[in-house]
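The values are calculated or read from the model by the stated rules, or taken from the named source; none is laboratory data. Note that this is a predicted model, so its numbers are computed, not measured. Don't worry about glycine lacking a Cβ; one is built from the backbone with ideal geometry, like all the others, and counts go over all protein chains shown. Quick note on the areas: whole protein, heavy atoms, side chains included, nothing else; ligands and nucleic acids left out. Shrake-Rupley method; radii C 1.70, N 1.55, O 1.52, S 1.80 Å.
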Amino acid sequence: MAVLALLATSLQAAPTFTGQDYSGVYDCIGQDGHEGQYAGVVTMRLQPEHSHGDYASYDFKLEVPEYGVYLGHAAAHGAQVAMHFGLSDPATQDVGTGVATMSTDARGRLTFHKFYYQPAYKGGNTGTEDCIRR
């Protein structure tokens, strides 16, 4: 009987998403360990069917002129966001994972600071980004 109760509990609908939605377009300045300073645009789009309580799921896209478009996804809990991204050409091994902290600046704009790690890109790489939502 306990197994049936557990199964019934797991089949119930997930709680409604109650966290802050970080969807939007962000202008970013980054500092890459191999490439130096760069500018890019991040777009995050909430996936409501995969978000519940204060946990959020996002489609993630980073566009960097002269480098390309990095597609990925992000998972958030409160102000902490994990991001996975990769350039569409697998030969570059330009794929990474980042962790970001969301905050609001003095002008009331949503911002995030991200640290990322790329284990295979040019023998390994790290960098940071600071982004402001438009």
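Before moving on, here are some points about what is shown:
- When the residues of region 34-61 are filtered to those that are touching a residue at least 12 places away in the same chain (Cβ under 8 Å) and among the acidic types (Asp, Glu), the one that is nearest to Val99 (Cα to Cα) is Asp59.
Results for (1) open to solvent by 30 Å² or more (accessible area, probe 1.4 Å); (2) at pLDDT 95 or above; (3) touching a helix residue (DSSP H, G or I) at 6+ places or on another chain (Cβ under 6 Å), shown as yes or no for each residue.
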| site | (1), (2), (3) |
| --- | --- |
| Met1 | yes, no, no |
| Leu7 | yes, no, no |
| Ser10 | yes, no, no |
| Pro15 | yes, no, no |
| Ser23 | yes, yes, no |
| Asp27 | yes, yes, no |
| Ser51 | no, yes, no |
| Val64 | no, yes, no |
| Leu71 | yes, yes, no |
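- Hey, Tyr55 open to solvent by 70 Å² or more (accessible area, probe 1.4 Å), of a type outside the set (Asp, Glu), out of contact with any helix residue (DSSP H, G or I) (no Cβ under 7 Å at 6 or more places or on another chain) and at pLDDT below 95 or not: no
- Region 29-40: number of residues that are surrounded by 15 or more Cβ atoms within 10 Å (Cβ to Cβ) and either at pLDDT below 95 or part of a loop (DSSP other than H, G, I, E, B) (or both): 2
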